[in-house]
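One structure is given below, encoded as structure tokens.
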Amino acid sequence: MKLFGEKGVERLLTGIAFSAISALLLIALFIFSEGLPFIMRYGLRGFLFSSEWQPQAGQFGIFPMIVATLWVTLGAIAIGAPLGVAGAVFLTEFMPRPVMRAVKPTIELLAGIPSVVYGFIGVMVLAPLIRSTFGGPGLSLLAASIILGVMILPTVISISIDAIMAVPQSYREGSLALGATTWQTVRMVTVPAARSGIIASIILAMGRAVGETMAVIMVAGNAVKLPGSALDSVRTLTANIALEMGYATGTHRQALFATGVVLFVVVMALNSIAGLAIRQKAGRR
């Protein structure tokens, strides 16, 4: 009876796992079935590298939005990655462990704050500050980068803490025994040993930044143009889908699904790279 119960639970969990995987595969299949025919018909080069997005005129070039997404993501990583890694190093190497164990769950809870809250803070506080300090409309590439940089901090900090804590204590003790200071040990031993995990956290954070929608819609300005500076308004790929899918029909709708295909490929590539980095780290152990 006990064996039957264990087998039953095993089959149940297997069924749940396969149902979740099947749902994801169906979503991916739906996106590709809707978007790929448009890409084949319109042409990959014209779709990715044209700067004209005028659905009423039959022009569907997403190059300005690709550039905007790239710059917003890189800006977010430039802000969030150094702060996140520095925060993880401080918590693991310079704070008492009980304090670190209390602070880490609190930081992870920040990932659960709805993105619209970050966007509201950006609209009410950050955008006016940028407008009064640097000029421009305020709702800009810079504002989107700062908001996303704050939003990815929990991801970078949490995974980096796990990677640093996984470094064997003997590495630290050996470095200190050779006369190195605590900071020298962190800089030359601990962080290099945890490098692959830290890189994985940054790549996963990039995936989060690329896929963010609501906060970017609220603070980026949503102008379909190539940004000339960090103070220009931009529209990202995700914002374009969210703004226009509600009324899009026919070819316009297919073009938005094709944009989703591009996003899907980019995010999957980033997640695969992060997974590869984590597996390499586990293999070296």
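Read-outs: derived from the displayed coordinates by stated rules, not from any lab. Quick caveat: nothing in here was measured; it's all calculated off a predicted structure. Backbone-built Cβ (ideal geometry, glycine too); neighbour counts: all protein chains shown.
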Quiz item: Taking H as built 1.01 Å from N, whose amide H comes closer than 5 Å to the amide H of Trp53, not counting residues under 5 places away?
Solution: Gly61
Quiz item: Ranking Val261, Val117 by Cβ neighbours within 10 Å, fewest first, what do you get?
Solution: Val117, Val261
Exercise. Sort Phe134, Phe38 so that the residue with the fewest other Cβ atoms within 10 Å of its own Cβ comes first and the one with the most comes last.
Key: Phe134, Phe38
Quiz item: With axes computed from alpha carbons, what is the tilt in degrees of helix 97-109 against the longest principal axis of the chain, rounded to the nearest 10 within 0 to 90?
Solution: 10
Practice problem: Would you work out which of Tyr118, Ala81, Ile217 lies farthest towards the positive end of the dipole of segment 46-284, given +1 charges on the beta-carbon of Lys and Arg and -1 on that of Asp and Glu, about the Cα centre? | Solution: Ala81
Quiz item: So what's segment 42-198 giving for Cα Rg divided by 2.2 N^0.38 Å, two decimals?
Solution: 1.40
Quiz item: Can you list residues whose amide H is under 5 Å from Thr236's amide H, if they're 5+ apart or on another chain and H is modeled 1.01 Å from N?
Solution: none
Practice problem: Could you run the Karplus curve 6.51 cos²θ - 1.76 cosθ + 1.60 with θ = phi - 60° over segment 238-250 and give me ³J(HN,Hα) per residue in whole Hz, x for Gly and Pro? | Solution: 5, 5, 5, 5, 5, 6, 10, 5, x, 10, 6, 9, x
Self-check item: Gain upon complete extension [Ala17, Leu176; 0.36 nm per residue less C-alpha separation]
Solution: 52.6 nm
Quiz item: Once the Cα atoms of helix 63-93 and of the chain are each reduced to a long axis, what angle between those two axes, in degrees from 0 to 90 to the nearest 10, is obtained?
Solution: 10
Quiz item: Can you tell which of Gly61, Leu226, Gly275 lies farthest toward the positive end of the dipole of the chain, using +1 and -1 charges on the Cβ of basic and acidic side chains (Lys, Arg; Asp, Glu)?
Solution: Gly275
Self-check item: In order through segment 43-53: 3J(HN,Hα) via Karplus (6.51 cos²θ - 1.76 cosθ + 1.60), integer Hz, x for Gly, Pro
Solution: x, 5, 5, x, 6, 7, 10, 8, 9, 9, 10
Quiz item: So what is log10(I(q)/I(0)) for the chain at q = 0.09, 0.13 1/Å, when the Debye sum runs over its Cα atoms only?
Solution: -0.56, -0.99
Exercise. Quick one: what are the phi-derived ³J(HN,Hα) couplings along segment 147-158, Karplus 6.51/-1.76/1.60 with θ = phi - 60°, whole Hz, x for glycine and proline?
Key: 4, 5, x, 6, 5, 8, 4, x, 5, 5, 5, 4
Quiz item: Given a Förster distance of 41 angstrom, what is the FRET efficiency for Val265 paired with Gln56, based on the Cβ-Cβ distance and rounded to 0.05?
Solution: 0.90
Practice problem: Give, rounded to the nearest 20 debye, the magnitude of the charge dipole that the chain has about its Cα centre when Lys and Arg contribute +1 at Cβ and Asp and Glu contribute -1 at Cβ. | Solution: 600
Quiz item: Taking the Cα-to-Cβ direction at Val125 and at Leu243 and moving 7 Å from each Cα, how far apart do the two end points lie in nm?
Solution: 2.5
Quiz item: Given only helices, namely DSSP H runs of n ≥ 4 each adding -39500 (n - 2.57), what is the per-residue ellipticity at 222 nm of the chain, to the nearest 500 deg cm²/dmol?
Solution: -24000 deg cm²/dmol
Quiz prompt | Relative contact order of the chain, defined on C-alpha pairs under 8 angstrom at six or more residues apart (%) | solution = 26
Self-check item: Separation in nanometres of the label points that stand 7 Å from Cα toward Cβ, at Phe90 and Val9
Solution: 4.4
Quiz item: Counting other Cβ atoms within 10 Å of each Cβ, which chymotrypsin sites (Phe, Trp or Tyr not before Pro) in segment 202-281 have at most 11 and sit in a DSSP loop?
Solution: Tyr247
Quiz prompt | Estimated FRET transfer efficiency when R0 is 35 angstrom, pair Arg101-Leu29 (beta carbons, to 0.05) | solution = 0.25
Exercise. Rank-order 54-60, 16-22, 200-206, 141-147 by packing density, defined as the average count of other C-beta atoms within 10 Å over each peptide's residues, highest first.
Key: 141-147, 200-206, 54-60, 16-22
